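Some notes on the structure that comes next.
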Amino acid sequence: MKVTPAALPEVLVVEPRAFGDARGWFLETWRADRYGAEVSALGMVQDNVSVSSRGVVRGLHFQHPHGQGKLISVLAGAVFDVAVDIRRGSPSFGRWVAEELSDRNHCQLWIPAGFAHGFQALTDGVVLHYKCTDLYHPDCDRAVLWSDPALGIAWPLEGAVVSPKDAAAPRLADIPPDRLPAFA
């Protein structure tokens, strides 16, 4: 497995080793000892799967308090996966990084707690899997507007399909500081 810091160094691009032949491929998407040493020593406590059609944007989601680190993988299709630093006081506050994750490149993205996460499905039938370092707490569920002009995220597909909840999320500048994580 190869682990490389992204443009925001706390976010990591993980390239598991895939073993393939004419029948298909096999790879490890999580192994506690290896990922714990190279990605995050925090234990994973919940796995989630979402299925999306081409053009769907989900996000930008985060929890506060009870922040979640997330290890993102794509099991089918391809996504433009985004992490935004929303930690008040961070030198990279409001900056974002994106990676294309797919069932062909097998890349994963480690997004630590304190970052908002979102993605746009680049293909139909996207199956996105993510492991979380904390449980889902509905009362801590938060979002930043996916199209916040101050963030300037360059979503690759026009005509995004967004849930009413995500469309109504506030811009980052409109979120009270006490509802954002702090930079440690």
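Observations, loosely collected:
- Search result, residues across region 174-184 that are surrounded by 14 or more Cβ atoms within 10 Å (Cβ to Cβ) and within 14 Å of GLN68 (Cα to Cα): LEU180, PRO181
- Among the candidates LEU75, LEU42, residue that is of a type in the set (A, V, I, L, M, F, W, C), under 23 Å from TYR136 (Cα atoms), touching a Pro at 6+ places or on another chain (Cβ under 9 Å) and surrounded by fewer than 17 Cβ atoms within 10 Å (Cβ to Cβ): LEU42
- Scanning region 97-146 for residues that are without any contact (Cβ under 8 Å) to a residue 60 or more places away in the chain, under 19 Å from ALA167 (Cα atoms) and in contact with a strand residue (DSSP E or B) (Cβ under 7 Å, 6 or more places away or on another chain) yields a total of 2.
- Top-ranked residue in region 1-17 [being assigned to a strand (DSSP E or B) and of a type in the set (Val, Ile, Thr); ranked as surrounded by the fewest Cβ atoms within 10 Å (Cβ to Cβ)]: THR4
- Close pairs from region 63-91: first closer than 13 Å to VAL49 by Cα and in contact (Cβ under 8 Å) with a residue 24 or more places away in the chain, partner among the basic types (Lys, Arg) and assigned to a strand (DSSP E or B), Cβ under 8 Å, at least 6 apart: LYS70/LYS131; LEU71/LYS131
- Within region 9-43, the residues that satisfy the criterion of being under 21 Å from HIS66 (Cβ atoms) and modelled with pLDDT of 95 or more are GLU10, VAL11.
- Exclusive hit being touching a residue at least 60 places away in the same chain (Cβ under 8 Å), more than 29 Å from CYS107 (Cβ to Cβ) and over 16 Å from the mean Cα position of the chain (by Cα), set PRO177, PRO170: PRO177
- Where a residue in region 26-42 is free of Cβ contacts under 8 Å to residues at least 40 places away in the same chain and its partner, wherever it lies, is surrounded by 11 or more Cβ atoms within 10 Å (Cβ to Cβ), with Cβ under 6 Å and at least six apart: GLU28/PRO16; GLU38/VAL3
The values are calculated or read from the model by the stated rules, or taken from the named source; none is laboratory data. Please read all numbers here as calculations on a predicted model, not as lab measurements. Glycine gets a Cβ as well: all are built from the backbone with ideal geometry, and neighbour counts include every protein chain shown.
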